[in-house]
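Contents: one structure, followed by commentary.
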Amino acid sequence: MTTRISDLLAAAAERTVPVVSGIEDGQLHNPTPCTEYQVRDLLNHLFHGVVNFQALAAKQPVDWSATPDFLEGDWRSRFADETRKMVEAWSDPAAIEGDNPAMGMPQEVVANLALVDLTVHGWDLSEGTGQPYTPSPEVVAAIGPFTEQMAPTGREMGAFAEMTDFPPDADDFVRLLAHTGRKAP
């Protein structure tokens, strides 16, 4: 069984997991478009999110207070496995119903936050490591309006930087990145 959100998460994972798998150990200290994060920090942040979003799909409590170091052993394969588990967790229709007690918001919003995280940080990591990244058009179409709507709250919470400018003819992904405070090259 799947849901629309699990299908979108799977499409985003198809684009982000190969980027994570392609990161070389020597690139872990490279800068990323998230100015406060080097590649290593951003990988741990994304890994932590993927694990926590699994629990949030089941409406279980999560701990965002400290980001563990996930980059030990075969972390690339573990990231792929944990991302697959996140997609599976959101494939249960009950995962999208109601409000999330840990986050204090509708489950559908939480699911979209997972989708934004996986997509935007996939791009961030590709930029930090010189890898190509083309997001799923279906994912961008789904999260573009959501991101635009949530951007002011994201900035207030410190999750997004100030919005950047984009040309009038910018594509939807460039606009999405701008709303999160990123500037596409």
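The values are calculated or read from the model by the stated rules, or taken from the named source; none is laboratory data. If you're wondering where the values come from, they're calculated on a predicted model, not measured in any experiment. In this analysis, Cβ positions are derived from the backbone assuming ideal geometry, glycine residues included, and neighbour counts consider all displayed protein chains. The area values use the complete protein model at the heavy-atom level, side chains included, leaving out ligands, DNA and RNA. Shrake-Rupley method; radii C 1.70, N 1.55, O 1.52, S 1.80 Å.
Convert 37 °C to kelvin, take the viscosity as 0.692 mPa s, use the Kirkwood radius over C-alpha pairs of the stretch 141-185 as Rh, and evaluate the Stokes-Einstein diffusion coefficient in µm²/s, rounded to a whole number.
318 µm²/s
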Fluctuation leader among Met163, Met150, Met105 - the chain, Gaussian network, Cα springs under 10 angstrom: Met105
Whole-angstrom Cα spans of the chain along principal axes, big to small: 43, 39, 30
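What part of the accessible area of the chain, given as a whole %, is carbon or sulfur when the probe is 1.4 angstrom?
52 percent
What's the ranking of 4-12, 127-135 by average number of surrounding C-beta atoms within 10 Å, highest first? Intermediate values should be presented prior to the final figure.
Numbers: 4-12: 22.0, 127-135: 16.4.
Going by the mean number of other Cβ atoms within 10 Å, highest first, we get 4-12, 127-135.
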Top of Arg155, Arg40, Arg76 by mean-square fluctuation, Gaussian network on the chain, Cα under 10 Å: Arg155
Lys, Arg +1 and Asp, Glu -1 on Cβ, resulting dipole of the chain about Cα centre, debye, nearest 20: 60 debye
Approximate spin-label separation Asp41-Thr67, in nm, with each point projected 7 Å along Cα-to-Cβ: 0.7 nm
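Would you mind calculating the gained length between Asp172 and Asp81 on full extension (0.36 nm times residue separation, minus the Cα-Cα distance), in nm to one decimal? Intermediate values should be presented prior to the final figure.
Numbers: separation 91, 0.36 × 91 = 32.76 nm, distance 2.94 nm.
Full extension of this stretch gives 29.8 nm more.
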Where Rh is the Kirkwood radius over Cα pairs, Rg/Rh for the stretch 62-112: 1.05
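Are there chymotrypsin sites (Phe, Trp or Tyr not before Pro) in the stretch 22-102 that DSSP puts in a loop and that have at most 11 other Cβ atoms within 10 Å, and which ones? Write out the running numbers ahead of the final one.
Working: sites: Tyr37, Phe47, Phe53, Trp64, Phe70, Trp75, Phe79, Trp90; in loops: Tyr37, Trp64, Phe70, Trp90.
Answer in residue order: Trp64.
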Average projected area [Cα convex hull, the stretch 16-118], square nanometres: 6.6 nm²
Radius ratio Rg over Rh of the stretch 97-184, counting only Cα atoms, Kirkwood formula for Rh: 0.98
